[in-house]
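Structure, as structure tokens:
The values are calculated or read from the model by the stated rules, or taken from the named source; none is laboratory data. Everything numeric in this text was worked out from a predicted model, so none of it was measured. In this analysis, Cβ positions are derived from the backbone assuming ideal geometry, glycine residues included, and neighbour counts consider all displayed protein chains. In case anyone asks, the SASA skips ligands and DNA or RNA and just uses the protein heavy atoms, side chains included. Shrake-Rupley method; radii C 1.70, N 1.55, O 1.52, S 1.80 Å.
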Amino acid sequence: MAKTDNSLMSTIVSLCKRRGFVFQASEIYGGIGNTYDYGPLGVELKRNVKEAWWSRVVTARADVVGLDSAIIQNPKVWEVSGHVGGFTDPMVDCKKCKGRFRADKLEDAKCPEKPSKRPGECAGELTEPRSFNLMFKTHIGPVEESGATAYLRPETAQGIFLNFKNVLESARIKPPFGIAQIGKSFRNEITPGNFVFRTREFEQAEMEFFVPPEENDKWYSYWRDARFSWYSELGIRPENLRLREHDADELAHYSTACADVEYLYPFGWGELEGIACRTDFDLKRHSEATGTDLLYFDPQTKEKYTPYVIEPAGGIDRMALTFLIDAYEEEQLEKDTRVVLRFHPEIAPITCAVFPLVKKDGMPEKAHEVETILRRARFSTFYDEKAAIGRRYRRQDEIGTPFCITIDGETLNSDVVTVRERDSMEQTTVPIAELRTFLDEAILNWSR
Ligand code: ATP
């Protein structure tokens with residue numbers, strides 16, 4: 001039965017640290033406000049999330065190509081995009097404890113003065129909200145003068161708009177088409193929190209899909225629905241997902257529609273990904289500011305136009321957290337309870353664990369042979385020969401490994417192994433020669 005309150009969040013945080021998913025950054029120096037490092041399992045989890053996104057959004061399609069643009073761009077980019085003037089959140093200060101909070105997210109913030117919990121509970125008065133720009137500033141070159149100010153990108157999208165023409169000319173592609181990018185973004189969040197849900201440094205997966213203006217509505221519905229389905233296809237429970245269309249007063253002035261994919265986190269519903277119509281706003285602004293022609297010339301109609309843009313934008317860290325939370329289960333068995341992460345096998349950090357039943361009789365050697373076969377077949381694999389077999393299974397359940405492969409006397413006699421599946425705990429005897437096909441099929445047919 002899944003936990004539904006904040007105790008689930010602290011259980012996840014401690015599991016992440018104990019098993020090597022996520023560590024506090026600069027921990028031995030006392031940390032640095034809500035910043036995290038990903039450990040050996042966390043990095044695999046994130047790689048798998050990125051791969052699952054890229055394979056569906058880019059590799060599987062003929063109409064989307066990739067990009068990797070610079071984090072630091074010409075500072076004028078951010079003036080023209082509107083970020084210097086308008087990428088702000090409303091901030092309030094507490095006159096007593098000096099805490100600073102995001103005015104529109106007070107319910108997520110914590111008062112620094114104990115035992116108070118929420119802002120203002122220390123009996124302090126909160127100031128009127130002021131606008132706080134979220135962009136991190138830095139300097140280019142050795143002299144810290146004002147002309148050398150640059151910004152760390154707060155979104156990856158602008159790098160895509162800047163390369164619209166380059167991609168159009170080099171990739172021999174025409175609207176409707178998309179440019180996708182995964183990379184780090186930086187926001188000096190006033191109130192980071194809820195573990196890796198909101199941090200100041202995070203990874204985004206964004207795609208700008210350029211369409212003829214009259215096809216805007218069709219492609220908006222298409223990408224909104226495709227992105228929403230992606231999560232349940234990868235095992236997220238549908239009852240924990242919802243799609244929320246923005247009201248007109250929530251939309252950016254240039255946007256005609258926007259929807260959020262939301263997830264029911266232990267701390268309430270929260271945005272996981274946004275799908276927005278950005279119209280021709282960005283291309284037109286950059287074109288006007290630079291004098292560069294960012295139009296598409298349609299050779300059939302002989303007309304030039306600025307494409308409209310549909311943008312799915314999600315956070316990789318938030319996705320990884322969501323997969324973790326949703327996968328977590330404490331399953332009551334006959335004699336005890338087991339902790340199991342029911343990840344989709346595509347998302348699980350380790351796909352196969354290989355165990356010799358005992359540490360003698362040539363079983364470890366045979367197990368290493370099987371391990372090598374699996375690694376060569378590119379299954380992420382872990383070898384373990386310590387402790388009783390039941391304990392080894394449980395350790396793998398807790399990190400979500402879908403298959404445990406045991407080498408026993410039968411393996412030595414007739415080259416068969418026992419595959420134990422994480423979810424059903426069922427065991428199947430499989431010839432080593434058929435192991436790869438067996439696993440491929442089990443992964444393909446997996447469902448929650
Ligand atoms: P929020 O309302 O949560 O601040 P946003 O609407 O500003 O998010 P977008 O600008 O649409 O977010 O960014 C796209 C995605 O990037 C979000 O859906 C989220 O998954 C991720 N993201 C945004 N800010 C952060 C952050 N500070 N930490 C982690 N992920 C983030």
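Averaged per residue, what accessible area in Å² does the chain show with a 1.4 Å probe, protein chains only? Could the numbers behind the result be given before it?
On the way: 21690 Å² over 448 residues.
Accessible surface, normalised per residue, equals 48 Å².
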How big is the Kirkwood radius of the chain, worked out from every pair of different alpha carbons and given in Å to one decimal?
24.6
What's the ranking of 366-373, 206-213 by average number of surrounding C-beta atoms within 10 Å, highest first?
206-213, 366-373
Roughly how many Å is it from the Cα centre of region 145-207 to that of region 73-119, as a whole number?
21
Percent antiparallel among DSSP beta bridges (both partners in the chain, rounded to 5):
85
Can you give me the C-alpha center-to-center distance between region 317-396 and region 214-270, rounded to a whole angstrom?
34
Restricted to Cα positions, what overall size does region 350-444 have along the principal axes? Three whole-Å values, descending.
34, 27, 22
If you count only protein heavy atoms and use a 1.4 Å probe, how large is the accessible surface of Phe323, to the nearest 10 Å²?
10
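Of the accessible area of region 350-444, with the probe set at 1.4 angstrom, what percent is carbon plus sulfur? Kindly include the intermediate steps, with their values, before the conclusion.
On the way: 2340 of 4720 Å².
Solvent-exposed carbon and sulfur of region 350-444 make up 50 percent of the total.
Using a 1.4 angstrom probe on the protein heavy atoms only, line up Ile140, Ile28, Ile182 by accessible area, largest first. Present the calculation step by step, with values, prior to reporting the outcome.
Values: Ile140 95, Ile28 160, Ile182 35 Å².
From most exposed to least exposed: Ile28, Ile140, Ile182.
Would you mind getting me the FRET efficiency between Arg448 and Arg375? Use the beta-carbon distance for r and R0 = 30 Å, nearest 0.05. Walk me through the numbers on the way to the answer.
Values: r = 27 Å, r/R0 = 0.91.
My answer for the efficiency is 0.65.
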